[in-house]
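Okay, so here's the structure we're looking at.
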Amino acid sequence: MTQLLLFNAINGLIIGAFYVLMALGLSLILNLSGVINFAHGGFLVLGGYLAYALTPYVGFWGALLIAPLLTAGVGFVVERLMVRRVYGRDPLYGLLLTFGLAFILEDGTRSIWGAQGLPVSIPAVLARPLSSDFFFITGYRLFMVGTVAAAVFLLFALLRYTRVGIRIRAGTLDLDTVSALGINVRGLRSLNFAAGIFLAGLSGVLAGGQLGLEPTMGTGLLMPGFVAIIVGGVGSLPGTLLGGLLIGLASGVTAVFFPSASEAVIYILMAVVLMVRPHGLLGEEGLLT
Amino acid sequence: MNVLEIRNATKRFGSLVALRNVALSVPAGELRAIIGPNGAGKTTLFNLVSGFFAPSAGSVLFAGRDVTALAAHQRVALGMARTFQITEIFPELTVFENVRIAAEVAAGYRLRPRLGRSERAEVCRRVEQTLELAGLAAKAKRLAGELAHGDQRVAEIAMALALKPRLLLLDEPTAGMGEQETQEITRLIRRLRAAGELTIVLIEHDMRVVFHLADRITVLCYGELLAEGTPQEIAANEAVQEAYLGKAA
Amino acid sequence: MNSRAGAARQAGTALLWAALLLAPYWLPWVGGYTALGARVLVLGLAAMSLNFLLGFTGVVSFGHAAYFGLGAYGAGLTLKLLAHSTPLALFFGTLAGGIAGALLGALIVHLRGVYFAMVTIAFGQVFYYIAFRWNSLTGGDDGLRGFARQPLHFAGYAIDILNNGHAFYYFVLVCFAVTVGVMALILRSPLGRTMLAIRENERRARFLGIPVERHIWVAFTLSCFFTSLAGALYAMVNNFADPMGLHWSLSGDLVIMAVMGGMRSFWGPLVGAAVFVVVQDFLSSITTNWMSFVGLLIVLVVLFFPRGLLGLAQRRGEA
């Protein structure tokens, strides 16, 4: 029983790490541009499939970096051509636009790579379990968590110490002032959008290694991303981090006692958080309201 | 009796103190003007009174009752109405509808999914009266957002009036207006005073308007009460002159 | 508004009712069928109910499929387990979604804008997972089957809405007309005007003495009741309720119907629903990539026709 609980708790945390990556990308875009990116799941899938297509040429490790970069490039173009045109409008339009894009992305990946699921091969070093006692902690899972941790660390460092990062954070707090200081807000938003999509692409590559690839896998991972943001508090990246880990843990632990509720439990958690702290665990009153 | 009484109100925003220990009493039927240089805390004071936010310390009394803990809509229900420095109306509704919404809230109909014939007629009569008083009757069918700036401000005052308030708070009613429009608003405010028991508190930058209308004047400066008195007293007050001249220099 | 625009609008409404009343007779001539008419009517009703919130209160809900689906499952389960009665199924279906909406609404009415929209999306999905997982009750992924709408009994007369497609269409039309009539009445009442006030200027509304949160809750709850009634009817169109009726993609479909038809117009969402359903039917019959085209259509509407079809017509009428 203890082992089962531990197994699922760790499993939950790994899934949580995954939600974090997804939610951080969503959160970046939401905070600076005020757009809820429904197409985030679509970009995730695109990243996964691009990695699949690139692996024969550049290997797993090359694909791990190049596929998210390419996905981010697509995101950059999409932002320039379409998404930026809904900034400042009713949030409805951003939602709808990315909703339409999600359709196109999902259908596009299906047309190119087929509706059947594809297995993704991972390097042999990562495929082995750590030890026989902890058979469920494969090297790949550790690697996933490690990659997520590195990405999160890098993101926070970039936001704190680079000029662009500081501008992004400032823009999140007060876009008008940043704009009045003569900073190119349009460029900043494009870059920020691409950064968010990079994280989506990276999630896709990592997810592919664990779950295999399917054109519809993005939508299933999108909702927990939203929940992570709401639980953590809109506007707060550390909140998103906390929220993602929490809901992953919650669904992992629930899977032990009441497996069929493992998806629903995160929504119950969200309801409880909204009742106790209407603006999320680390959210500030007034931001984005 | 005092319709409005503010007791030692302080409002802080972080480390900034927008209002410090301000006390104020406005007796029934008075027209009180609040003046002061920019950033003196005038609008902050209005926001405290109308329930936009709560004071950091101190209390607000309305007709003898402590309303500090009440929400904005509850204060309206007690008879407090306000306008804003930047016009707040319902732009895509007609002037008539704008005022009708206020009249229906005042009549206690806001949650009603239906009105009887006589109730509806009574509301319409009330709206027409208000529009007549405000001089907007001819523009009742126009969309509020399409009116000239001056008319929009008058429409906002008309909405406040349709609430049948005991206390009317006007935040710079002549802001951004030309000479003629300013005179019209001044005449309107004077008509309101003549019409009844209304107590009015007015924030205003245009000193001609202030000295023309006010019974008494309160001067705020850097969030503190600087002076209070009749227009003659304020005109002669050295501290006030200094505050204004200091700003001009 | 001038009297000519008013007359044009009245003529338009009359034409619309005529088209709806005669649909079973003209639909086959343009390659349609009566069941398609019923589907448009039901989805149109759902989109209009959503628009009660979206277009007339100015509050974005992107999770209305939840209430639609609850209505469908509520009606289906009533027919299957409780009573062989169409009116009772409608009643309990409507109640299921409406009550869920009232409860969730109370949790979220103090949130605004994007935050509100995101919470509605997330909450919308919880019922999808419940329906998906609770196999023994809901049939899980396969959907709920094994029930059928029942004939109506009126003072000794029986109307067979089960086997007679025309009769069923008119039954749906009556339900539609009554619900839409109630919506129109509310929108012209003091309550409806407070909703418009909140849409137009929340701050002004608050300082006119309207407790904004409470009124948004009322609008949200009403909207959920109406949507859920549409969902209950939907279960009867196919004698089937499936988890996709609860999925967020349906929420998005309802929003695009409202936007495409025109959010600021009362009938817009119905027109949007008709166009959307027909276009989707048509596209999926000619190409396997219909999803891309639907996605493209949505993108184009957002970028180039954000006021929608009737919004466009209105503009032209006023000019």
**Q.** Only Lys, Arg (+1) and Asp, Glu (-1) charged, at Cβ; region B:90-164 dipole about Cα centre in debye
**A.** 300
(Q) Taking the 0 to 90 degree range and rounding to the nearest ten, how far is the long axis of helix B:179-195 tilted relative to the main principal axis of chain B, both from C-alpha atoms? (A) 80
Q | chain C: relative contact order in percent, alpha carbon pairs under 8 Å with at least 6 residues between | A | 31
Q | Simple spin-label estimate for C:A184 and C:H84 in nanometres, 7 Å along Cα-Cβ | A | 3.7
(Q) If I stretch the segment between B:R187 and B:I86 completely, what's the gain in nm (0.36 nm per residue apart, minus their alpha carbon distance), one decimal? (A) 34.3 nm
Q: Find the relative contact order for chain A and round it to a whole percent, using C-alpha pairs within less than 8 Å whose residues are 6+ positions apart.
A: 36
Q: Provide a whole-number value for the mean count of partner chain Cβ atoms within 10 Å of the Cβ atoms in peptide A:75-82.
A: 1
Q) Residues with beta-carbon under 10 Å from that of C:D141, excluding C:D141: net charge, scoring Lys, Arg +1 and Asp, Glu -1? A) -1
Q) Between B:Q152, B:A137, B:I101, whose Cα lies farthest towards the positive end of the dipole of region B:90-164 when Lys and Arg beta carbons carry +1 and Asp and Glu beta carbons carry -1, centred on the Cα centre? A) B:I101
**Q.** Computed over the protein assembly as shown, Kirkwood Rh from alpha-carbon pairs, angstrom
**A.** 29.8
Q: Estimate the FRET efficiency between C:L22 and A:E284 by the formula 1/(1 + (r/R0)^6), using the beta-carbon distance for r and 56 Å for R0, to the nearest 0.05.
A: 0.45
Q | Per-residue Cβ neighbour rank within 10 angstrom, fewest leading, B:F13, C:F91, A:F43 | A | B:F13, C:F91, A:F43
Q | Rg and Dmax of chain B, Cα atoms only, in Å | A | 18.3, 62
Q: For B:R120 paired with A:A124, estimate the spin-label separation in nm (one decimal), with each label point 7 Å from Cα along the Cα-to-Cβ line.
A: 8.4
**Q.** Spatial separation of Cα centroids for region C:111-190 and region A:238-289, in angstrom
**A.** 30
Q) In µm²/s, what is D for chain C at 25 °C and 0.890 mPa s, where D = kT/(6 pi eta Rh) by Stokes-Einstein and Rh is the Kirkwood radius from Cα pairs? A) 122
Q | Cβ-based exposure ranking for C:Y157, B:Y109, in which fewest neighbours within 10 Å come first | A | C:Y157, B:Y109
Q. Once the convex hull of the C-alpha atoms of chain A is built, how many Å³ does it hold per residue, rounded to a whole number?
A. 134
**Q.** Shape category assigned to region C:132-184 from the gyration tensor of Cα positions, a/c cut at 1.5
**A.** oblate
**Q.** Distance (nanometres) between label positions extended 7 Å along Cα→Cβ at A:L181 and C:L15
**A.** 5.6
(Q) Below 14 angstrom from the Cβ of C:A65, what's the summed charge of the other residues (Lys, Arg +1; Asp, Glu -1)? (A) -2
Q: Using Cα pairs closer than 8 Å and at least 6 residues apart in sequence, work out the relative contact order for region B:133-196, in percent.
A: 31
Q. How big is region B:90-164 on each of its three principal axes, counting only the C-alpha atoms and giving the largest first in Å?
A. 34, 23, 18
(Q) Check which residues have an amide H placed less than 5 Å from B:L220's amide H, if you skip close sequence neighbours. (A) B:I35, B:G36, B:L226
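Since every read-out is calculated from the coordinates, none of them should be taken as a lab result. Keep in mind that what you see is a predicted model, and the values were worked out from it rather than measured. Because the Cβ atoms are built from the backbone with ideal geometry, glycine has one as well, and the counts that use them run over all protein chains shown.
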